[in-house]
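In what follows, a structure is listed as structure tokens, so that the remarks can point back to it.
The values are calculated or read from the model by the stated rules, or taken from the named source; none is laboratory data. Bear in mind the structure is a predicted one, so any value in this text is a computation, not a measurement. Counting neighbours? That spans all protein chains shown, and the Cβs are built from the backbone with ideal geometry, glycine included. For the accessible areas, the whole protein counts, side chains as well, though only heavy atoms, and no ligand, DNA or RNA atoms are used. Shrake-Rupley method; radii C 1.70, N 1.55, O 1.52, S 1.80 Å.
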Amino acid sequence: MAKEIYVKKARIIGTGSYLPEKVLNNFDLEKMVDTTNDWILARTGIEERRIAADNESTSDLATKAAQRALEMAGVTPEEIDLIVMGTITGDYPWPATACIVQNNLGAKNAYAYDLSAACSGFVYALSSASDFLLAGRGKKALVIGAETLSRIVDWTDRNTCVLFGDGAGAVVLEAQEGESGILSCHMHSDGSYLDLLYQPGFGSKNPVSVQGIEDRSSFLKMQGNEVFKVAVRSLTEVSHEALKANDIKVKDLSLFIPHQANRRILEATAKRLKLQDEQCYINVNKYGNTSGATIPVAMDEAYRQGLLKEGGLVLLSAFGGGFTWGSVLLRW
Ligand code: ACO
């Protein structure tokens with residue numbers, strides 16, 4: 001009998017997530033800016049979001065999510081060779097928050113770095129870690145998406161502050177032979193869209209200044225309408241790209257886990273892809289947009305709910321500031 005020969009793939013062997021305890025709902029926001037629960041629900045589908053406590057930073061959220069992923073995988077921190085963290089709200093401008101997480105975990109054999117791709121941060125990080133493992137640069141990696149967007153949002157700007165939240169998700173990745181694992185990664189960027197979604201202040205272009213804080217020009221800025229259109233188009237295209245590259249039909253997908261920006265973007269993308277409701281995982285109503293954390297948080301929830309079964313095809317698609325966008329197709 002012919003022996004099946006499998007090439008090595010990077011496989012997710014554990015997932016974890018952590019959301020801060022504090023809940024900020026739409027009625028709380030009604031007291032902070034000129035908005036209503038009805039407007040937020042109708043335009044975004046968001047009901048509430050989590051906000052980090054004053055003594056919690058991105059590394060704290062990331063460490064808890066990573067500990068849960070390691071526990072599920074049955075892997076010790078010392079076994080991790082590499083930590084890649086997608087974040088735009090690290091503890092400090094430098095050094096990398098991944099190094100702080102490495103120390104918190106006691107992952108003393110790992111090299112660690114952050115990756116800045118905004119809401120695509122986790123899929124970029126997953127793609128990078130997968131490449132490193134397949135190149136033989138380690139056996140096990142920890143991939144994290146973690147954000148405290150509440151620290152860079154302008155809480156006086158109703159156009160943006162209602163959309164975002166804090167959270168962290170993590171996966172343990174191992175290079176294994178077999179059918180399961182990452183089948184493809186497709187990443188894209190287009191820097192010409194900078195002005196539509198970015199944080200103008202606190203970098204080398206516009207360093208920290210009293211004026212930047214007082215006139216609110218340093219905080220996150222977004223032109224929502226324009227972002228919406230490009231997001232739907234890019235998420236659809238990059239999802240098709242993954243399916244085509246693997247000769248897989250939409251109906252064969254077990255679960256589509258997109259970046260949770262808002263319900264209307266997700267529904268418009270799902271409609272264009274002709275996905276059934278039960279094929280899409282949506283939790284943006286509970287957490288809002290947690291940028292690089294949305295996909296690993298959703299994946300952890302879906303796995304713990306029994307929605308990710310061995311052999312099932314799972315598509316992760318993300319879009320974010322940069323612009324950056326990408327997809328990862330995997331067999332669970
Ligand atoms: N409450 C009440 N009214 C509001 C609010 C609010 N929170 N925010 C904006 N408005 C008002 C505007 O001022 C405007 O009023 P006007 O007509 O008097 O000028 C009106 O609502 C309509 O504003 P639009 O921006 O046209 O509203 P739109 O239907 O586009 O919805 C939204 C805004 C929800 C931001 C939408 O554009 C969107 O979802 N964009 C995608 C942005 C996104 O998700 N970004 C996240 C980062 S990128 C990513 O993760 C993919």
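Based on this model, can you work out whether Ser116 counts as open to solvent by less than 50 Å² (accessible area, probe 1.4 Å), among the small types (Gly, Ala, Ser) and modelled with pLDDT of 95 or more? Judged against the criteria, Ser116 is not a match. The single condition among (1) farther than 24 Å from Glu48 by Cβ; (2) part of a loop (DSSP other than H, G, I, E, B); (3) touching a Pro at 6+ places or on another chain (Cβ under 9 Å) that Glu310 does not satisfy is (3). For Ser120, the requirement of being polar (S, T, N, Q), more than 14 Å from the ligand (Cβ to nearest atom) and not assigned by TED's automatic domain parsing to the domain that holds Gln305 is not met.
Does Val227 meet the test of being open to solvent by less than 30 Å² (accessible area, probe 1.4 Å), aliphatic (A, V, I, L, M), under 24 Å from Arg264 (Cβ atoms) and under 20 Å from the mean Cα position of the chain (by Cα)? So Val227 fits the description; yes. Residues in region 184-224 that are hydrophobic (A, V, I, L, M, F, W, C) and over 19 Å from the mean Cα position of the chain (by Cα): Leu194, Leu196, Phe202, Val208, Val210, Ile213, Phe219.
Checking each residue in region 34-52 for being open to solvent by less than 10 Å² (accessible area, probe 1.4 Å) and hydroxyl-bearing (Ser, Thr, Tyr) picks out only Thr44.
Do we find a residue being in the same structural domain as Lys274 (by TED's automatic domain parsing), in contact with a Cys (Cβ under 7 Å, 6 or more places away or on another chain) and within 14 Å of the ligand (Cβ to nearest atom) anywhere in region 254-262? Yes.
Return yes or no: is Lys274 in the same structural domain as Leu194 (by TED's automatic domain parsing), open to solvent by 10 Å² or more (accessible area, probe 1.4 Å), over 23 Å from Gly165 (Cβ atoms) and within 11 Å of the ligand (Cβ to nearest atom)? It is false that Lys274 is in the same structural domain as Leu194 (by TED's automatic domain parsing), open to solvent by 10 Å² or more (accessible area, probe 1.4 Å), over 23 Å from Gly165 (Cβ atoms) and within 11 Å of the ligand (Cβ to nearest atom). The set of residues in region 266-302 being out of contact with any Phe, Trp or Tyr (no Cβ under 6 Å at 6 or more places or on another chain), in a helix (DSSP H, G or I) and under 25 Å from Ser150 (Cα atoms) consists of Leu266, Val284, Asn285, Lys286, Tyr287, Ser291, Ala293, Thr294, Val297, Met299, Asp300, Glu301. Is it fair to say Lys221 is of a type outside the set (Ser, Thr, Tyr), within 15 Å of the ligand (Cβ to nearest atom) and closer than 28 Å to Ile51 by Cβ? Yes; evaluated as a whole, the condition is true for this residue. Residue check: Ser209 meets all listed conditions (1) modelled with pLDDT under 95; (2) within 14 Å of the ligand (Cβ to nearest atom) but one, namely (2).
Tell me, yes or no, whether region 307-329 has at least one residue that is away from the ligand (no atom under 16 Å from the Cβ), among the acidic types (Asp, Glu) and open to solvent by 10 Å² or more (accessible area, probe 1.4 Å). Checked region 307-329: at least one residue is away from the ligand (no atom under 16 Å from the Cβ), among the acidic types (Asp, Glu) and open to solvent by 10 Å² or more (accessible area, probe 1.4 Å). Does Lys249 satisfy being open to solvent by 30 Å² or more (accessible area, probe 1.4 Å) and in contact with a Leu (Cβ under 8 Å, 6 or more places away or on another chain)? For Lys249, the condition - open to solvent by 30 Å² or more (accessible area, probe 1.4 Å) and in contact with a Leu (Cβ under 8 Å, 6 or more places away or on another chain) - is met. Applying the set (1) outside any strand (DSSP E or B); (2) within 25 Å of the chain's Cα centre (by Cα) to Ser17 leaves exactly one unmet item: (1). The residues in region 53-108 that are open to solvent by 50 Å² or more (accessible area, probe 1.4 Å) and not in a helix (DSSP H, G or I) can be counted, and the count is 10. Scan region 128-141 and give yes if some residue there is of a type outside the set (Asp, Glu) and within 16 Å of the ligand (Cβ to nearest atom), otherwise no. Within region 128-141, none of the residues are of a type outside the set (Asp, Glu) and within 16 Å of the ligand (Cβ to nearest atom). For region 158-205, a residue qualifies if it is in contact with a Lys or Arg (Cβ under 8 Å, 6 or more places away or on another chain), open to solvent by less than 50 Å² (accessible area, probe 1.4 Å) and away from the ligand (no atom under 16 Å from the Cβ), and the qualifying residues are Ala168, Ala170, Val172, Leu173, Glu174, Ala175, Gln176, Gly178, Ser180, Gly181, Ile182. Among the candidates Glu214, Glu301, the residue that is open to solvent by 10 Å² or more (accessible area, probe 1.4 Å) and either within 19 Å of Arg49 (Cβ to Cβ) or among the aromatic types (Phe, Trp, Tyr) (or both) is uniquely Glu301.
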